[in-house]
Amino acid sequence: MTAASAEHLQRRFVNLYAARLKELQHTPYSQVDIRELERHAERYLEALLASLEGDRQPLERFVKLTLLTRAQAGFRAWHILQALDAGRDFFKILTYISEQLAQLDDALHWAMIKFSQLYEEVQTERGLAKMVESLTLALEAKESYTSSHSQSVQRIGEKIAKLLGVHIGLAGLFHDVGKIYIPAPLPLLPHRLSHRPHGGLPLPAPPRAAGRAWLSHRRNQPPDRS
């Protein structure tokens, strides 16, 4: 398969999967902006592509972040499970050999089990703290120069919150976790970003499947204000 073909198929997966999420009536997904659903689909795709190479850590991070962010927005467990399973209909778009299709199906099954386990864990404050801390550690492993930053913000935030008479929970630990999805070179740039993708830097192509460069390019485009 050529790089152009892979790019076309991956773009088609993102578009179709986002549209399917939008069609999930009786769930909050039907009320989410389509552009946000497309970003969600891109991250799901990245995690799936990693699983084809035997790396399920991105898929586990995707499940954790989805659980934390969607649950906070009022999604129920069955809403998220239904959304995960909705991608199954489009797996054939991403594969051209039966072995890969079976791998993706196994990855989905694993993700749904992992979600169910994590959902039970976060029903307790200790379980929720454990999940947030694991994501924080993953972020710090990616960007060593910010090591202990989230813990410091949590401690400072708790002191300020105490003076104000409010409770911030785990907000300090969780405040930077979205940076997991930012391409590694960007936070380390010694200058401001230009209007060009990646600040105009000639970054290497992602090491996984051919055609994934368009995902990184899309993520760094300015939002549509029309």
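The values are calculated or read from the model by the stated rules, or taken from the named source; none is laboratory data. Nothing here was measured: the structure is a model prediction, and the numbers come from that model. Note that each Cβ is placed from the backbone with ideal geometry, even for glycine, and that neighbours are counted across all protein chains shown.
Looking at the stretch 90-110, can you tell me whether even one residue there is in a helix (DSSP H, G or I) and either over 30 Å from T2 (Cα atoms) or touching a Pro at 6+ places or on another chain (Cβ under 9 Å) (or both)? Scanning the stretch 90-110 turns up no residue that is in a helix (DSSP H, G or I) and either over 30 Å from T2 (Cα atoms) or touching a Pro at 6+ places or on another chain (Cβ under 9 Å) (or both). Does G54 satisfy the condition of being among the small types (G, A, S) and at positive phi? So G54 fits the description; yes.
Residues in the stretch 106-131 that are touching a helix residue (DSSP H, G or I) at 6+ places or on another chain (Cβ under 7 Å) and at pLDDT 80 or above: A107, L108, A111, M112, K114, F115, L118, Y119.
When L24 is tested against (1) outside any loop (DSSP other than H, G, I, E, B); (2) of a type in the set (A, V, I, L, M); (3) surrounded by fewer than 20 Cβ atoms within 10 Å (Cβ to Cβ), just one condition goes unmet, and that condition is (1). Quick check, is Q151 at pLDDT below 80, surrounded by 13 or more Cβ atoms within 10 Å (Cβ to Cβ) and not aromatic (F, W, Y)? Considered against the rule, which asks whether it is at pLDDT below 80, surrounded by 13 or more Cβ atoms within 10 Å (Cβ to Cβ) and not aromatic (F, W, Y), Q151 comes out as yes.
Can R76 be described as surrounded by fewer than 17 Cβ atoms within 10 Å (Cβ to Cβ), closer than 25 Å to A19 by Cβ, touching an Asp or Glu at 6+ places or on another chain (Cβ under 8 Å) and not β-branched (V, I, T)? Considered against the rule, which asks whether it is surrounded by fewer than 17 Cβ atoms within 10 Å (Cβ to Cβ), closer than 25 Å to A19 by Cβ, touching an Asp or Glu at 6+ places or on another chain (Cβ under 8 Å) and not β-branched (V, I, T), R76 comes out as no.
Number of residues in the stretch 10-51 that are farther than 14 Å from G87 by Cβ and either in contact with a helix residue (DSSP H, G or I) (Cβ under 8 Å, 6 or more places away or on another chain) or free of Cβ contacts under 8 Å to residues at least 40 places away in the same chain (or both) equals 13. All of (1) farther than 14 Å from F13 by Cα; (2) in contact with a Gly (Cβ under 8 Å, 6 or more places away or on another chain); (3) of a type in the set (F, W, Y) hold for Y29 with one exception: (2).
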